[in-house]
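Everything on this sheet refers to the single structure shown next.
The values are calculated or read from the model by the stated rules, or taken from the named source; none is laboratory data. None of these values were measured; they are calculated from a predicted model. As a convention, Cβ positions derive from the backbone with ideal geometry for all residues, glycine included, and neighbour counts pool all protein chains shown.
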Amino acid sequence: ESLGIARVNERHFRQADGTVLARWTGGVILRVVGIQTWDEAVFAEPGDLILLGAHSLEGLNLRIDPVSKQLIDAGPAPAAATRAA
């Protein structure tokens, strides 16, 4: 909220250990290495992990290079096309 993000929805999240948590979410614009996308931020509570999720990485078309531990371009984004019959 100190960043100007409004709490919009309360959602439930299941952790790896099966625990279900209720957390508030709100819309944000992310800008990373000069790339911008829209995503949903989760308002964490003390003790929660801080993560950049797969959805955000996909929206930014970035992936993690496991060797350099850096975000890098994921290459051409997959796209669907229809063919006229």
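Can you pull out every residue in segment 59-85 that is in a loop (DSSP other than H, G, I, E, B) and either among the aliphatic types (A, V, I, L, M) or under 20 Å from Ile29 (Cα atoms) (or both)?
Across segment 59-85, the qualifying residues are Asn61, Val67, Ala74, Ala77, Ala79, Ala80, Ala81, Ala84, Ala85.
Out of the residues in segment 26-72 that are more than 16 Å from the chain's Cα centre (by Cα) and of a type in the set (Asp, Glu), state the one that is nearest to Ser2 (Cα to Cα).
Restricting to residues being more than 16 Å from the chain's Cα centre (by Cα) and of a type in the set (Asp, Glu), the top hit is Glu45.
Given (1) assigned to a loop (DSSP other than H, G, I, E, B); (2) modelled with pLDDT under 85; (3) closer than 30 Å to Val8 by Cα, identify the lone condition not met by Ser56.
Here Ser56 clears every test but (1).
Using beta carbons and a limit of 6 Å, which pairs, at least six apart or on different chains, have the first residue in segment 5-19 and under 29 Å from Ile29 (Cβ atoms) and the second one surrounded by 10 or more Cβ atoms within 10 Å (Cβ to Cβ) and β-branched (Val, Ile, Thr)?
Ile5/Val28; Asn9/Thr25; Arg11/Thr25
Taking segment 2-37 as the search range and keeping residues that are closer than 16 Å to Leu51 by Cα and assigned to a loop (DSSP other than H, G, I, E, B), which one is modelled with the highest pLDDT?
This residue is Gln15.
Which of (1) under 29 Å from Pro78 (Cα atoms); (2) surrounded by 13 or more Cβ atoms within 10 Å (Cβ to Cβ) does Ala44 not meet, given it meets every other one?
Result: Ala44 fails condition (1) only.
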